[in-house]
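Asker: Quick one: the structure is below, questions incoming.
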Amino acid sequence: MRLVQSDDEFWELMCRGRGGFQAFVATIDLLGMQAMMLKRPSEARARIDDLQQSFGGVLPLYPGGESYRVCFAGDSLFVVREIEPDADAPALWASFCGHVFALSCFLHTMERQIGNPGLRLIIASGPLFQVRAPGSWQRLPWSSQTRNWFVLTGATAALKKCWDAEARGRKGGFLGGYCWHERPEVPGSFLGTRLRELPPDTYMRPDLYPAFYTRMAAEAEGEADLGTSDSG
């Protein structure tokens, strides 16, 4: 087993060993996929592929995305942002929400322009189940056998909220075409802000992401709660 051999590796392990990490998670869900898979499966597969390629292509255009981990799962994708214990979590939450909202508005507009129902965005937060050395498997003697492994830090609490909201769907109040962002002061309670086209000159302005969040909260049109909504 290879030992830690550099100061950078040592301090990374020490940092990740601390408690108090949080995770912000956003799930972007394609609407209308269940019916499309039954009626037009080839079109549904192409649509999923388009979402993956569109998101991958657009992320570098929006500064800040280098801090995120992204995974595609079924007909949706999820984005994770780790927050260290001594970070300014409220400021980062505002930036993350505004950033992902801008990305999703861009993709939602593209979807609508080609006649598709669009997206549903859900954003939640929660404690991070810490994985202290997520890249350690790459340094093992048998790394050639594990080159396809995928390691994601444990954003289990926030990710479960997003998946629960997706499962409840319209019947639970989580309408499509909206960004459902968790209220920081009331865990499990979400505000819904309609996804819409944003002025193109604001898309790549990280300084505006917190302003997007402020606007999202001010213009919320609905509320949904994981504690009381029915599944559906």
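Asker: How about the range 70-101: which of its residues are buried (at least 21 other Cβ atoms within 10 Å of the Cβ) and within 18 Å of ALA218 (Cα to Cα)?
Answerer: If the condition is that a residue be buried (at least 21 other Cβ atoms within 10 Å of the Cβ) and within 18 Å of ALA218 (Cα to Cα), then TRP93, SER95, PHE96, CYS97, GLY98, HIS99, VAL100, PHE101 are the ones that fit.
Asker: Give me the residue from the range 41-56 that is of a type in the set (Gly, Ala, Ser) and more than 16 Å from the chain's Cα centre (by Cα) and, out of that set, surrounded by the most Cβ atoms within 10 Å (Cβ to Cβ).
Answerer: ALA44
Asker: Checking GLU66 against (1) surrounded by 12 or more Cβ atoms within 10 Å (Cβ to Cβ); (2) at pLDDT below 85; (3) of a type in the set (Asp, Glu), which test does it fail?
Answerer: For GLU66, the failing item is (1).
Asker: If I go through the range 28-80 residue by residue, how many of them are in a helix (DSSP H, G or I), within 25 Å of PRO210 (Cα to Cα) and acidic (Asp, Glu)?
Answerer: Count: 1.
Asker: Further question: Give ARG112, ARG120, ARG147, ARG132 a once-over and let me know the one that is modelled with pLDDT of 85 or more, outside any helix (DSSP H, G or I) and basic (Lys, Arg).
Answerer: From the options ARG112, ARG120, ARG147, ARG132, the qualifying one is ARG120.
The values are calculated or read from the model by the stated rules, or taken from the named source; none is laboratory data. These numbers were taken from a predicted model, which means no experiment stands behind them. So basically every Cβ, Gly included, is an ideal-geometry build from the backbone, and we count neighbours across all protein chains shown.
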